[in-house]
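Reading through the structure tokens given below for one structure.
Derivation of every value follows stated rules applied to the coordinates shown; laboratory data play no part. The structure displayed is predicted, hence computed values, not measured ones. So basically every Cβ, Gly included, is an ideal-geometry build from the backbone, and we count neighbours across all protein chains shown.
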Amino acid sequence: MWIYNSSFAQVGYDDDGGVGLFSEASAWLNPGTYFVNVEGFGAPNVGRYFLKIECAGGLPGFARLSGGCRGSNGNTPTVTVRNFEQALTGTTFVTDFVRLPANAPLAPLIGFSNTMTSGGIPLPFSLAGLGAPGCQLAVDPLVSLSALATSFGTYSFALSVPSTASLAGLVLYTQVLTIDPPANTFGLTSSDAGAMILGSRF
């Protein structure tokens, strides 16, 4: 499966990344026209499909971005959203962090940038030099909270979005940092990052 922009430059690809031999490609796309080329492989899976997709602006959405490092429980903390949950103005949008060490202290982060901190440090910023190889700060934290994971290794972060139509199209980024002393010498792990685009319900 290949994803192309309107100039037919590849912006996404997957081969057998889904369940079984099925492909599952994802890409964080700006508004515009895109094309998806889907091909079967081998004699039992013949066929080719070419799809045209229009991505409109101002619509709510969520995408998981790269990053994250393995914790002492053997899992990489992950950011997810609930099925059919949308970040709309005048609503509460819930982000779930999963695969965390049970009862671990953590800091959910939310901010406006995943490319540069307010102090001018390029993102993502590797934490390997601090003793956390593979971990990275991927979000400029406008808001940071202190919390605890549940005994199931989860944490839910509820964001109340103001009823302001002009916020539609605003992109927010989120990530969680977890205190996990057995994981590495720095004693901290990071999740992947999530990007949410706000939409208007009016």
Study note, to complete from the structure: 1/(1 + (r/R0)^6) with r = Cβ-Cβ of Ser151 and Thr185, R0 = 30 Å, i.e. FRET efficiency to nearest 0.05, evaluates to 0.70
Check your understanding: How long is the gain from Lys52 to Glu24 if the chain were fully straight, where each residue apart is worth 0.36 nm and the alpha carbon distance is subtracted?
Key -> 8.4 nm
Check your understanding: Taking K and R as +1 and D and E as -1, what net charge do the other residues with C-beta under 12 Å from the C-beta of Thr178 add up to?
Key -> +1
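Would you mind classifying region 145-202 by shape? Square roots of the alpha carbon gyration tensor eigenvalues, ordered a ≥ b ≥ c; an a/c under 1.5 is rounded, otherwise it is prolate if a/b is larger than b/c and oblate if not. Before the final figure, lay out the partial values.
Details: a/c = 3.85, a/b = 2.44, b/c = 1.58.
It is prolate, given that a/c is not under 1.5 and a/b is the larger ratio.
From the P(r) of the chain, can you give the percent of Cα pairs sitting at distances over 30 Å? Intermediate results must be reported in sequence, preceding the final value.
Working: 6237 of 20301 pairs.
The proportion of pairs with Cα distances above 30 Å equals 31 percent.
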Review point. According to a simple spin-label model (label point 7 Å from Cα along Cα-to-Cβ), what is the distance in nm between Phe8 and Ser163?
Key: 5.0
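In percent, how large is the relative contact order of region 61-197, given Cα pairs closer than 8 Å and 6 or more residues apart? The partial results should precede the final answer.
Values: 372 pairs, mean separation 51.2, N = 137.
This gives 37 percent for region 61-197.
Sort Tyr13, Tyr34 so the one with the fewest other Cβ atoms within 10 Å of its own Cβ comes first. Kindly include the intermediate steps, with their values, before the conclusion.
On the way: Tyr13 14, Tyr34 19.
So the residues, fewest neighbours to most, are Tyr13, Tyr34.
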